[in-house]
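Working notes, beginning with the structure itself.
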Amino acid sequence: MMMIRSSAESASTAARAVAFTTPQNYAGRLSHLVHLRGWAPLWCPTLVVESTPHTISCIQAAISASLLHCSAIAFTSRSGITAFADVLSGIETPPLTPYGEAFTISALGKDSELLDASFVEKLCGNPGRIRVVVPPIATPGGMVESIGSGEGRMVMCPVPLVVGIEEPPVVPEFLADLGRRGWVVLRVNAYETRWRRGEGGGGVEELVKRMKDGRGVDAIVFTSTGEVEGLLKSLGEVGLDWGTVRRMCPSMVAAAHGPVTAAGAERLGVCVDVVSSRFDSFDGLVDALDRCWNSFH
């Protein structure tokens with residue numbers, strides 16, 4: 001298992017240890033923010049998020065057969081944008097025609113930074129045709145509100161194919177909400193999200209070791225519901241459950257990146273202590289942890 005640690009961990013035994021279960025595509029950013037606070041990051045991934053030959057084929061087929069019939073693309077994750085952009089890079093001519101009605105592309109929070117000029121140029125020869133929508137509230141529901149009524153038009157949604165864990169309700173609910181707003185939804189399995197199963201419990205070996213030898217961690221951070229289920233499955237592989245973890249590490253703070261993740265964790269039986277109220281980026285999450293710990297002083 002790869003671990004991302006700050007120099008503070010080796011330099012000071014007083015550094016707070018913050019474990020986080022995010023997949024690799026977000027790990028570096030969150031680790032950096034944790035490091036800036038003088039805390040010790042411990043990366044314990046419970047999911048693998050990646051493109052596969054099957055998902056690449058799904059995007060290629062969707063672009064070829066359906067994109068010209070769409071009026072919008074709604075991206076719910078950074079991984080979806082990256083996978084889609086990778087396929088666009090292999091197409092010589094932008095798939096959207098230069099002329100026609102305005103075409104909407106939308107993403108959440110800092111993920112929208114990937115919908116830059118380079119992405120737009122690969123998508124359409126006329127950048128002026130493309131409208132980039134970033135919801136002020138960085139949730140799938142906020143995106144539905146921001147892109148507005150579909151009026152029978154089609155929206156392409158590059159979302160994950162979930163393997164090895166139950167698909168969290170976030171994406172199905174998002175697609176259903178779009179349908180209720182009059183959009184004809186085209187779901188595209190753009191990448192794969194699967195449980196990171198491995199010897200010793202997948203990505204949580206070091207976390208379990210720290211808890212068993214009494215060091216524990218000061219916080220564990222979840223950025224999606226899937227991560228929570230992945231952790232519970234990995235803990236089960238080594239004969240542990242969440243209740244046992246709480247007893248082994250009673251002072252540990254469980255933090256969730258936004259209310260959607262918090263609700264998903266609670267649904268799985270994982271009580272959350274801290275929820276970021278500003279969830280367009282991970283800055284809100286580390287701010288919430290900081291406030292939590294400062295309130296004890």
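Of note:
- Failed condition for Pro135, given (1) closer than 19 Å to Ile56 by Cβ; (2) at pLDDT 95 or above; (3) part of a loop (DSSP other than H, G, I, E, B): (1)
Conditions (1) touching a Phe, Trp or Tyr at 6+ places or on another chain (Cβ under 9 Å); (2) under 28 Å from Leu36 (Cα atoms), marked per residue:
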site: Leu186; (1), (2): no, no
site: Ala190; (1), (2): yes, no
site: Glu205; (1), (2): no, yes
site: Thr223; (1), (2): yes, yes
site: Glu227; (1), (2): yes, yes
site: Ala254; (1), (2): yes, yes
site: Pro259; (1), (2): yes, yes
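- Those helices (runs of 4 or more DSSP H) lying entirely in the stretch 146-263 with at least 3 residues within 30 Å of Leu115 (Cα to Cα): 170-180, 225-237
- Counted residues, the stretch 229-239 - those being in contact with a Lys or Arg (Cβ under 9 Å, 6 or more places away or on another chain) and crowded, with 18+ Cβ neighbours inside 10 Å: 3
- Residues that are at pLDDT 95 or above and among the β-branched types (Val, Ile, Thr), drawn from the stretch 22-45: Val34
- Residue in the stretch 140-150 that is within 29 Å of His54 (Cα to Cα), of a type in the set (Gly, Ala, Ser), surrounded by fewer than 14 Cβ atoms within 10 Å (Cβ to Cβ) and out of contact with any helix residue (DSSP H, G or I) (no Cβ under 9 Å at 6 or more places or on another chain) present: no
- Among the residues of the stretch 104-146, those identified as over 22 Å from the mean Cα position of the chain (by Cα) and basic (Lys, Arg) are Lys122, Arg129, Arg131.
- Checked against (1) within 26 Å of Glu145 (Cβ to Cβ); (2) crowded, with 20+ Cβ neighbours inside 10 Å, Val87 passes all but a single condition, namely (1).
- Among the residues making up the stretch 264-297, those that are of a type in the set (Phe, Trp, Tyr) and outside any helix (DSSP H, G or I) are Phe279, Phe282, Phe296.
- Unmet criterion (only one of (1) farther than 24 Å from Val170 by Cβ; (2) in a helix (DSSP H, G or I)) for Asp86: (1)
- Taking the listed residues Val228, Val221, the one that is at pLDDT 95 or above and in contact with a Leu (Cβ under 6 Å, 6 or more places away or on another chain) is Val228, with no other qualifying.
- Of all residues in the stretch 268-287, those that are of a type outside the set (A, V, I, L, M, F, W, C) have Cβ atoms under 6 Å from Cβ atoms of residues that are part of a loop (DSSP other than H, G, I, E, B), 6 or more apart or on another chain, in Ser276/His257; Ser276/Gly258; Asp280/Ala138; Gly284/Ser276; Gly284/Arg278.
- Close pairs (7 angstrom Cβ cut-off, 6 or more residues apart or separate chains): farther than 13 Å from Phe75 by Cβ in the stretch 119-143, among the charged types (D, E, K, R) and surrounded by fewer than 19 Cβ atoms within 10 Å (Cβ to Cβ) anywhere: Pro127/Glu121; Gly141/Asp177
- Some residue of the stretch 120-130 being closer than 20 Å to Gly226 by Cα and at pLDDT 95 or above: no
- Selection of first residues in the stretch 97-109 that are within 13 Å of Val144 (Cβ to Cβ) and of second residues that are polar (S, T, N, Q), restricted to Cβ pairs under 8 Å at least 6 apart or on distinct chains, gives the following pairs, ordered by first then second residue: Thr104/Ser71; Ser106/Ser112; Ser106/Ser146; Leu108/Thr76; Leu108/Ser77; Leu108/Thr139.
- Check on Ala72, more than 16 Å from Leu161 (Cα to Cα) and at pLDDT below 95: no
- Only one entry in Glu166, Glu121, Glu101, Glu113 is charged (D, E, K, R), more than 30 Å from Ser234 (Cβ to Cβ), out of contact with any strand residue (DSSP E or B) (no Cβ under 9 Å at 6 or more places or on another chain) and loosely packed, with under 14 Cβ neighbours inside 10 Å, namely Glu113.
The values are calculated or read from the model by the stated rules, or taken from the named source; none is laboratory data. Predicted, not measured: the structure shown is a model, and the values here were computed from it. Neighbour counts are summed over all protein chains in view; Cβ atoms, including those assigned to glycine, are modelled from backbone coordinates with ideal geometry.
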